[in-house]
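Here is the structure we will look at.
The values are calculated or read from the model by the stated rules, or taken from the named source; none is laboratory data. Nothing here was measured: the structure is a model prediction, and the numbers come from that model. Cβ placement follows ideal geometry from the backbone for every residue including glycine, while neighbour counts extend to all protein chains displayed.
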Amino acid sequence: MIEGAIWRKWAFFYLPMALFLLFLLFPFYWMVITSVRPDGELYRPWNSVNYNPFWTWNPTWDHVRYLFEETLFAAWLWNTMFIALVSTAISLVCGVFAGYALSRLNFPFAGSLGTGIFITYLVPQTLLFIPLAEIIRNYRLGDTPWSLILTYPTFLIPFCTWLMMGYFKAVPKELEECARIDGASRWQAMLYIVIPVAIPGILSAGIFAFTLSWNEFIYALVFLSSPEQKTVPVGVTSELIRGDVFFWGPLMAGALLGSIPVAIAYSFFVEHYVAGLTGSVKG
Amino acid sequence: MGQVVLKGINKFYDSVHAVKDVNLQIRDKEFVVFVGPSGCGKTTTLRMIAGLEAISSGDISIDGSVVNGLAPMDRDIAMVFQNYALYPHMSVYDNMAFGLKMRKFTRPEIDRRVRDAADILGIGELLKRKPRQLSGGQRQRVALGRAIVRHPRVFLFDEPLSNLDAKLRVQMRVELKKLHLRLGTTAIYVTHDQVEAMTLGDRVVVMKDGVVQQVGEPLELYNRPANKFVAGFIGSPTMNFATVTVTEANGSLIAENAGLRIRLPDGTARRLRGHIGHKVTLGVRPEDLTVAGAADPDHPCFDAVIEVVEQLGSEILLDMKVGQDVMVASVEPTVRVNVRDKLRLAMRPSSLHVFDVKTEEAI
Ligand SMILES: Nc1ncnc2c1ncn2[C@@H]1O[C@H](COP(=O)(O)OP(=O)(O)OP(=O)(O)O)[C@@H](O)[C@H]1O
Ligand SMILES: [Mg+2]
């Protein structure tokens, strides 16, 4: 903490902190306020008498109701959830095993293979979707959740592998060696010792992978076409922006509801495993 | 049973020849200590015995059967690591029970063995705790407990005490010794601390640069070091060395250099007959030097200038200049000396060591 006079504390700690929070939280505030503001207020010209963009006295659930009654928002939520969960699970399983192999099994080129995998993560999706679209079409997976469940791992697996490699490297190798002397096979040592010790790492990889697939936009936009198949980010932006008409209320309500599951996932896991994230492997 | 035989063991890490042609027979129930400076290949040797490191060439056998190709789990050994390597997500009880569970012992048997081991080590109260809730000494005990519950044929220790503070280390050293006397299991112990080696080992193996320098009982190493390296490594403070030329005068042999001229005692002289006119390295331990008095007229004597006086209470260490050489003497605490004093010192005749200048082997 900052030592010295109280004004120093205010000037160098609380004030910058407040500005930072304001900057960070304002978009969320704007989203919340817009999603409960009646249309009459939303589209009132800025030079009218009682124009007040930062507050509303007449909050309404109309936009949320519109979202669930007039659009396929519930289906989009379900699609997003399903796709994110399955692709995260696939990627996590592959990432944990690949990360373990790359960091622990001494085979030739393990190091360069690890770097290679990471480089595939750096290839922009805006390029990759072109060849992937071809593949999706050939396998007739277009416009099904599987088109995303199978393509998301192309960037999630490298990501999880890379994260888990780092995490497994931090687990002392003596733990595993000790287990193997104690009578565990390589497989058992991994299952009973290394993976339980790496749980915080696995959870954080899982959260990040889940968030990445929840928010993914380009693949979802390209591979899904019928409204009932869409995910939240694509559904909200394609169905609630018609031409240059923005349905601001439902749009913001959709954004808000779409970000709630991710927020819950974060707060739950961060709460429970923040100690793990900062590394408490050395027992 | 727990007989371990190393036959012509070599280990290469790419271009590094870490362990060179090690031959050793370890008897059942013996406590053997590997000692040597950092990087001399002690850990590598131990890990090859454990099966954690592949052997480049040679054979390791336990109880007469070659184990080169056996996985660590099939060698019936237990190992205690320097950083303890306790499983952080398991309680003390589960840490100790893990090896037994893996080997499919029955629950009552596991329980009995864990509690026995906990009793022996005095950690009965800690069984429910997690490793991070233990002090260093307690973790050390748990690591020991995990090794002894399995009743293995051989214990392997890799510097198990080096993470403890000085006082605890001495205490745990005694406990380890007691434990070995009680269990009688063959133990192979790696350390870089010569005091640990001397106090714990039935036999001590001194290594340097991957080569075994000498194998012997502690006093054998102390009294009859095979070469200059062992002589300097065993004993604290270290042995004093001086390069001298051997000459003959009036039928007796004289060793001399710029600041030193002593008549060699008969025993030493006999060994140096062939070296007249040549240089040799003379070695004498600080504790074999005394302030010269009338009591021992036939002891070889020499003059020294005191540079530093270190009072240790039970003894005094004198850092001295003898001609060009620096020497240390450990003398009675009753001796009164000051810095820059000139002092005449005597060597105990039987305690003189001589080494070849080139090969550094004892003569
Ligand atoms: N995995 C490895 N790859 C390459 N060289 C290694 C490896 N492990 C050890 N070495 C080398 O082998 C030699 C012996 O190492 P070792 O760990 O056995 O030394 P040590 O006697 O245990 O030393 P210390 O007292 O520092 O633990 C050293 O020169 C070391 O650099
Ligand atoms: Mg070592």
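Under 26 Å from A:Met164 (Cα atoms) and of a type in the set (D, E, K, R): does that describe A:Arg104?
Values: under 26 Å from A:Met164 (Cα atoms): yes; of a type in the set (D, E, K, R): yes.
Yes: the conditions hold for A:Arg104.
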Item checked: Subset of the stretch B:3-26 [within 12 Å of ligand 1 (Cβ to nearest atom), away from chain A (no Cβ under 14 Å) and free of Cβ contacts under 8 Å to residues at least 40 places away in the same chain] -> B:Ser15, B:Val16
Checklist line | Counted residues, the stretch A:130-144 - those being part of a helix (DSSP H, G or I) and surrounded by fewer than 20 Cβ atoms within 10 Å (Cβ to Cβ) | finding: 8
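Considering only the stretch B:69-92, I want to know if a residue exists there that is assigned by TED's automatic domain parsing to the domain that holds B:Ala147 and farther than 27 Å from A:Met190 by Cα.
Within the stretch B:69-92, the subset assigned by TED's automatic domain parsing to the domain that holds B:Ala147 is B:69-92.
Narrowing further to those that are farther than 27 Å from A:Met190 by Cα: none.
Among the residues of the stretch B:69-92, not one is assigned by TED's automatic domain parsing to the domain that holds B:Ala147 and farther than 27 Å from A:Met190 by Cα, which makes the answer no.
Does B:Gly8 qualify as being modelled with pLDDT under 95, part of a strand (DSSP E or B) and either of a type outside the set (Val, Ile, Thr) or away from ligand 2 (no atom under 14 Å from the Cβ) (or both)? Spell out how you get there, then give the answer.
On the way: modelled with pLDDT under 95: yes; part of a strand (DSSP E or B): yes; either of a type outside the set (Val, Ile, Thr) or away from ligand 2 (no atom under 14 Å from the Cβ) (or both): yes.
For B:Gly8, the condition - modelled with pLDDT under 95, part of a strand (DSSP E or B) and either of a type outside the set (Val, Ile, Thr) or away from ligand 2 (no atom under 14 Å from the Cβ) (or both) - is met.
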Item checked: Output for the stretch B:137-158, where each listed residue is in a helix (DSSP H, G or I) and out of contact with any helix residue (DSSP H, G or I) (no Cβ under 7 Å at 6 or more places or on another chain) -> B:Ala143, B:Ala147
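Quick test for you: out of B:Ala226, B:Ala242, B:Ala187, pick the one residue that is surrounded by fewer than 21 Cβ atoms within 10 Å (Cβ to Cβ) and out of contact with any Pro (no Cβ under 9 Å at 6 or more places or on another chain).
On the way: B:Ala242 fails: surrounded by fewer than 21 Cβ atoms within 10 Å (Cβ to Cβ); B:Ala187 fails: surrounded by fewer than 21 Cβ atoms within 10 Å (Cβ to Cβ).
That would be B:Ala226, the only listed residue that is surrounded by fewer than 21 Cβ atoms within 10 Å (Cβ to Cβ) and out of contact with any Pro (no Cβ under 9 Å at 6 or more places or on another chain).
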Check: Scanning for something within 18 Å of A:Ser185 (Cα to Cα), away from ligand 2 (no atom under 16 Å from the Cβ), in contact (Cβ under 8 Å) with a residue 40 or more places away in the chain and assigned by TED's automatic domain parsing to the domain that holds B:Val206, does the stretch B:126-142 turn up at least one residue?
Finding: no
Item checked: Close pairs (6 angstrom Cβ cut-off, 6 or more residues apart or separate chains): within 12 Å of another protein chain (Cβ to nearest Cβ) and closer than 19 Å to B:Phe31 by Cβ in the stretch B:146-169, away from ligand 1 (no atom under 16 Å from the Cβ) and among the acidic types (Asp, Glu) anywhere -> B:Pro152/B:Asp76
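Taking the stretch B:1-29 as the region of interest, how many residues are acidic (Asp, Glu) and under 16 Å from B:Val215 (Cα atoms)? Steps first, answer last, please.
If we filter the stretch B:1-29 for residues that are acidic (Asp, Glu), which is where we start, we get B:14, B:21, B:28.
In the following step, the residues that additionally are under 16 Å from B:Val215 (Cα atoms) were identified as B:21.
Qualifying residue count for the region: 1.
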Next item on the list: Looking for whichever is in a loop (DSSP other than H, G, I, E, B), free of Cβ contacts under 8 Å to residues at least 12 places away in the same chain and out of contact with any Lys or Arg (no Cβ under 6 Å at 6 or more places or on another chain) here; the options are B:Lys104, B:Lys29. Which one fits?
Entry: B:Lys104
Check: Taking into account only those residues within the stretch A:156-198 that are small (Gly, Ala, Ser) and part of a helix (DSSP H, G or I), which is nearest to the other protein chains (Cβ to nearest Cβ)?
Finding: A:Ala179
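Residue check: is B:Arg113 within 16 Å of ligand 2 (Cβ to nearest atom), within 14 Å of chain A (Cβ to nearest Cβ) and among the charged types (D, E, K, R)?
It is false that B:Arg113 is within 16 Å of ligand 2 (Cβ to nearest atom), within 14 Å of chain A (Cβ to nearest Cβ) and among the charged types (D, E, K, R).
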Next item on the list: Kindly indicate the residue of the stretch B:38-73 that is among the hydrophobic types (A, V, I, L, M, F, W, C) and away from ligand 1 (no atom under 16 Å from the Cβ) and also nearest to the other protein chains (Cβ to nearest Cβ) among those meeting that condition.
Entry: B:Met73
Check: Which residue out of B:Phe34, B:Phe81 is within 30 Å of B:Lys130 (Cβ to Cβ), in contact with a helix residue (DSSP H, G or I) (Cβ under 6 Å, 6 or more places away or on another chain) and within 16 Å of ligand 2 (Cβ to nearest atom)?
Finding: B:Phe81
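Wholly within the stretch B:206-268, which strands (runs of 3 or more DSSP E) include no fewer than the required count, namely at least 1 residues that are under 12 Å from the mean Cα position of the chain (by Cα) and without any contact (Cβ under 8 Å) to a residue 60 or more places away in the chain?
Details: elements: B:211-216, B:240-249, B:252-257, B:260-263.
Here the list reads B:211-216.
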Notebook entry, point to check: Among the residues of the stretch A:210-230, is any assigned to a helix (DSSP H, G or I), free of Cβ contacts under 8 Å to residues at least 40 places away in the same chain and more than 29 Å from B:Ser91 (Cα to Cα)?
Noted result: yes
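Would you please name the residue that is surrounded by the most Cβ atoms within 10 Å (Cβ to Cβ), looking only at residues in the stretch B:74-87 that are in contact (Cβ under 8 Å) with a residue 24 or more places away in the chain and more than 7 Å from chain A (Cβ to nearest Cβ)? Spell out the reasoning first.
Narrowing the stretch B:74-87 to residues in contact (Cβ under 8 Å) with a residue 24 or more places away in the chain: B:75-87.
Remaining after also requiring more than 7 Å from chain A (Cβ to nearest Cβ): B:75-76, B:80, B:82, B:84.
Values: B:Arg75: 20, B:Asp76: 20, B:Val80: 24, B:Gln82: 17, B:Tyr84: 26.
My answer is B:Tyr84.
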Check: Can you tell me which residue in the stretch B:125-139 is surrounded by the most Cβ atoms within 10 Å (Cβ to Cβ), limited to those that are more than 12 Å from every other protein chain (Cβ to nearest Cβ) and at pLDDT 90 or above?
Finding: B:Leu126
Next item on the list: Determine whether B:Leu156 is in the same structural domain as B:Leu52 (by TED's automatic domain parsing) and away from ligand 2 (no atom under 15 Å from the Cβ).
Entry: no
